[in-house]
Amino acid sequence: MSVLVPVLNEERHIREAVAAMRRQRFDGAIEFLYADGRSSDRTKEILEELAREDPRIRVFDNPLRHTAAGLNICLRHARGEFVARMDAHSLYPDDYLARGVARLREGGTQWVSGPQVPDPQGRVSAAAARALGTWLGQGGSRKWASGSGDGEGGEFELDTGVFTGVWKRQVVLDSGGWDEGWPRNQDAEMAARFLAAGERLVCVPAMGARYIPRNTLKGLYRQYHGYGYFRVRTALRHPHSLRRSSLLPPAVVCAAAAAVAAPRPLRGVARAGVGAYVAALVAAGASCLSDAPPEEAALVPAALAAMHLGNGVGVLQGMRAFGVPWAALANVAGLSGLAERLPVASQDVNAPSLAA
């Protein structure tokens, strides 16, 4: 098993993250490959120190600095029959690798992952975790389903809303690796390629990994802006990857703009829509009062708004940068015949770090 980990400026948490990865219980050899994006802190120095203590750890330079390139660098040097992507700021159950490999060996899938389980630190982070538990926060993705941690609960299938995973190394190589045109959402783009090839993406509840949501509204906005921006590029290449729910955040942004600047008749309609949206935010916050402190529940609407507005602005700016994904929009509208006649972006995977 080769564990692939892109890192950048993780000095505060890298020792804890590496220690957690080294606790994996796996019946076979494991190597841990870290691609450092030229961190400005002591991340690489700490990793090299740990590598001197544990020969299973290898550290590589990632000159392009972004995640997809780091993953490809690690994949290029991987020697395992299986590979797993792990994030340096997530904590995985000790049997994550073992469960992933066992499920791959059962057959019927080439991609096994677990749910993304929020583990908040701070008031905004806690509100974001609550927000992700509401229907307004999940955006139609099933990856937020709670991990059982004890093997109970059946597996389920995912669309492009995936969180890391375990694969056979040759399968990832055959797919072309991670496309380096996607500094964000690179797993979603690769998942769309798997789905287009007829593969099933399986999520095993007991493989749920804990991660820390952003602890500032600005951080949430920026995170979801990146998701929205590159979601457009994914939709241009893979029209089937766009969900109806993905259009709600840009619709909210457009409605907010129209409520201020549109001609009078349209302005009234837009204001009614914004009012309904605000009411939904308040209702989502109120729904958390039964098991959350009042001050935490009060922040849930703000966390949701930061996610939605960031994502919506990102989608609109992505359309300006990459173009409008007309085929994807036609698919969402149920016009599959039209969608098949509309052009899509090139399917060629750009992975220079894998071929270097």
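Read-outs throughout are calculated quantities, based only on the coordinates presented, and are distinct from any laboratory measurement. Just so we're clear, the structure is a prediction, and the values are computed from it rather than from any experiment. Positions of Cβ are generated from backbone atoms using ideal geometry, with glycine treated the same way; all protein chains shown enter the neighbour counts.
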Taking θ as phi - 60°, what are the ³J(HN,Hα) couplings along the range 20-33 by the Karplus curve (6.51, -1.76, 1.60), each to the nearest whole Hz, with x for Gly and Pro? 5, 5, 6, 7, 4, 9, 9, 7, x, 6, 10, 10, 10, 10
Report relative contact order for the chain in percent, whole number only (criteria: Cα-Cα under 8 Å, sequence separation at least 6). 19 percent
The range 1-88 - percent relative contact order, Cα under 8 Å, separation 6 or more: 46 percent
Which of E106, E10 comes first, and how do the rest follow, when ranked by fewest Cβ neighbours within 10 Å? E106, E10
The exposure ranking of T67, T164, fewest beta-carbon neighbours within 10 Å first, is T164, T67
How much length is gained if the chain between V171 and E48 is pulled fully straight, taking 0.36 nm per residue apart and subtracting their Cα-Cα distance, in nm to one decimal? 41.3 nm
Beta bridges by DSSP in the chain, antiparallel share as percent, to the nearest 5: 35 percent
For the chain, what does the helix formula give at 222 nm: sum of -39500 (n - 2.57) over DSSP H segments with n ≥ 4, over the residue count, nearest 500 deg cm²/dmol? -15500 deg cm²/dmol
Which residue, M21, V59, V162, has the largest displacement toward the positive end of the dipole of the chain when charges sit on each Cβ (Lys, Arg +1; Asp, Glu -1)? V162
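Is the range 270-319 rounded, prolate or oblate when judged by the Cα gyration tensor, a ≥ b ≥ c being the square roots of its eigenvalues, rounded requiring a/c under 1.5 and prolate requiring a/b larger than b/c?
Oblate.
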Cα Rg over Rh - the chain, Kirkwood: 0.98
